[in-house]
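The values are calculated or read from the model by the stated rules, or taken from the named source; none is laboratory data. Note that the coordinates shown come from a computational prediction; the quantities given were computed from them, not determined experimentally. Cβ coordinates were reconstructed from backbone atoms using ideal geometry, including for glycine residues, and neighbour counts include every protein chain displayed. Accessible surface is based on the protein model in full, side chains and every heavy atom, while ligands, DNA and RNA are left aside. Shrake-Rupley method; radii C 1.70, N 1.55, O 1.52, S 1.80 Å.
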Amino acid sequence: MKAVFIDRDGTLGGDFRIEYPQNYYHYEGTREAIALLNENGFTPFAFTNQSCIARKKDGGYDFAAEFKDIGLKDWFICPHDDNDNCSCRKPKTGLLLKAQEKYSLNFKNCFVIGDRWSDMKAGGDMGCSLILVLTGRGKIALEEERSLWSEYEPVFVAKDILEAARWMCENNEK
């Protein structure tokens, strides 16, 4: 399986500062990007930190319905806050390890698409190919926060999720 782990806030859409998930919106091209990945033999998953759950600001938001609606196969959500010291909050690798256990993944065949240094660090630590998008905090991750993930190089830097998906489909065999 060629899994693609995609961050939510700042990558698939919304403002990277989303505090209330009800305020989220998909970027133009997000649905097309997910459809393109699915059509070309990739298995797209969401992997996202959602501290709004721990802070009780999620209002019972249905993340599953959102992710199903755009065509993601599965989703891995960290519901914790920074202070919880869990193993799943990115840049830690717990979300990726849960996916590996569930789907028997070989991370050498996997990609991470994200806009934050923590997305790149988590994916890099597991040996995934990294694609940084310049939406959300992407420019900050590439410049000001580059030292936080300097041991890894992205295979591609994309302007947005659609450009990332197109690049993957053009540059990777099915």
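Tell me, yes or no, whether region 78-85 has at least one residue that is open to solvent by less than 40 Å² (accessible area, probe 1.4 Å), modelled with pLDDT of 95 or more and either part of a loop (DSSP other than H, G, I, E, B) or of a type in the set (A, V, I, L, M, F, W, C) (or both).
Within region 78-85, one or more residues are open to solvent by less than 40 Å² (accessible area, probe 1.4 Å), modelled with pLDDT of 95 or more and either part of a loop (DSSP other than H, G, I, E, B) or of a type in the set (A, V, I, L, M, F, W, C) (or both).
I'm trying to understand the selection: among the residues of region 129-150, which are in contact (Cβ under 8 Å) with a residue 40 or more places away in the chain and over 9 Å from Trp117 (Cα atoms)?
Within region 129-150, Val133, Thr135, Gly136 qualify.
Only one residue in Ser129, Ser87, Ser150 is under 23 Å from Arg31 (Cα atoms) and polar (S, T, N, Q). Which one?
Sole residue among the options that is under 23 Å from Arg31 (Cα atoms) and polar (S, T, N, Q): Ser129.
For region 156-168, what are the residues that are in contact with a helix residue (DSSP H, G or I) (Cβ under 8 Å, 6 or more places away or on another chain) and under 17 Å from Cys128 (Cβ atoms)?
Across region 156-168, the qualifying residues are Phe156, Val157, Ala158, Ile161, Ala164, Ala165, Met168.
Considering region 110-121 alone, what residues qualify as being closer than 11 Å to Leu142 by Cα and open to solvent by 10 Å² or more (accessible area, probe 1.4 Å)?
Hits for region 110-121 are Arg116, Trp117.
Phe107 passes all but one of (1) buried (at least 19 other Cβ atoms within 10 Å of the Cβ); (2) in contact (Cβ under 8 Å) with a residue 24 or more places away in the chain; which number fails?
Every condition holds for Phe107 apart from (2).
What number of residues within region 135-174 are open to solvent by 60 Å² or more (accessible area, probe 1.4 Å) and polar (S, T, N, Q)?
3
I'm trying to understand the selection: among the residues of region 37-59, which are open to solvent by 40 Å² or more (accessible area, probe 1.4 Å) and in a helix (DSSP H, G or I)?
Of everything in region 37-59, those that are open to solvent by 40 Å² or more (accessible area, probe 1.4 Å) and in a helix (DSSP H, G or I) turn out to be Asn38, Glu39, Ile53, Ala54.
Mind checking which residues of region 122-134 are surrounded by fewer than 24 Cβ atoms within 10 Å (Cβ to Cβ) and under 22 Å from Gly14 (Cβ atoms)?
Leu130, Leu134
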